[in-house]
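Following: one structure in structure tokens, then a few remarks.
The values are calculated or read from the model by the stated rules, or taken from the named source; none is laboratory data. Being a predicted model, the structure only gives us computed values, none of them experimental. Cβ placement follows ideal geometry from the backbone for every residue including glycine, while neighbour counts extend to all protein chains displayed.
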Amino acid sequence: MNNISKQIASFSFTFLLLFFVLYSTASAATKVDILFMNHGPMRPTVAQIKTLLAEYGDRVQAEWYDVDQKSGKTFSKKKNITGHIPMLILINDQSKFTIEGREISLQGFPTGASPFKRVEGNWSLDDLKILLDKEVR
């Protein structure tokens, strides 16, 4: 094999290795979709979730959908989501999980964060962190 052939083979191998590393890293991100009402009572929760998600950097790919905007309506329709939902969080397209034998649904306000009990969920920001930690290990 001449020098040019060796250089081409070396370049090809390097290119394929780089492509594989970049592709693996990109596909490893945990997908988080958040449908939310951009109303006063929900804003502190949204801020807390954004702070939490920032801790994961590029290991979490978060998409936010405001229920009152076109993107939120399109997302809701695509996912067959109906009714009055202040917040719905999907981690890799799932919203229901089991943590230490406890069934939770990432829907509504986190426990204790709602001004109205009827829109409060059975989850906490600590639960969300546990789930994200498990997904991005």
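Against the definition (under 26 Å from Lys134 (Cα atoms), out of contact with any strand residue (DSSP E or B) (no Cβ under 8 Å at 6 or more places or on another chain) and assigned to a helix (DSSP H, G or I)), how does Thr51 come out, yes or no? Quick ask: steps written out before the conclusion?
On the way: under 26 Å from Lys134 (Cα atoms): yes; out of contact with any strand residue (DSSP E or B) (no Cβ under 8 Å at 6 or more places or on another chain): yes; assigned to a helix (DSSP H, G or I): yes.
So Thr51 fits the description; yes.
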Can you name the number of the only condition in (1) touching a residue at least 60 places away in the same chain (Cβ under 8 Å); (2) surrounded by 18 or more Cβ atoms within 10 Å (Cβ to Cβ); (3) not hydrophobic (A, V, I, L, M, F, W, C) that Lys129 fails? (2)
Residue pairs meeting the criteria (Cβ under 6 Å; at least 6 apart or on separate chains; first surrounded by 15 or more Cβ atoms within 10 Å (Cβ to Cβ), in the stretch 58-86; second of a type in the set (S, T, N, Q)): Val60/Thr30; Tyr65/Ser71; Asp66/Asn38
(1) over 15 Å from Phe109 (Cβ atoms); (2) modelled with pLDDT of 95 or more all hold for Met87 apart from (1)
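Out of everything in the stretch 29-51 that is touching a residue at least 60 places away in the same chain (Cβ under 8 Å) and surrounded by fewer than 16 Cβ atoms within 10 Å (Cβ to Cβ), what residue ends up being farthest from the chain's Cα centre (by Cα)? So that I can check it myself, show each step before the final result.
Step one: of the stretch 29-51, the residues touching a residue at least 60 places away in the same chain (Cβ under 8 Å) are 30-33, 41-42, 44-45, 48-49.
In the following step, the residues that additionally are surrounded by fewer than 16 Cβ atoms within 10 Å (Cβ to Cβ) were identified as 31, 41, 44, 48.
Working: Lys31: 4, Pro41: 22, Pro44: 18, Gln48: 14 Å.
My answer is Pro41.
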Given (1) touching a residue at least 24 places away in the same chain (Cβ under 8 Å); (2) surrounded by fewer than 17 Cβ atoms within 10 Å (Cβ to Cβ), Arg118 misses just (1)
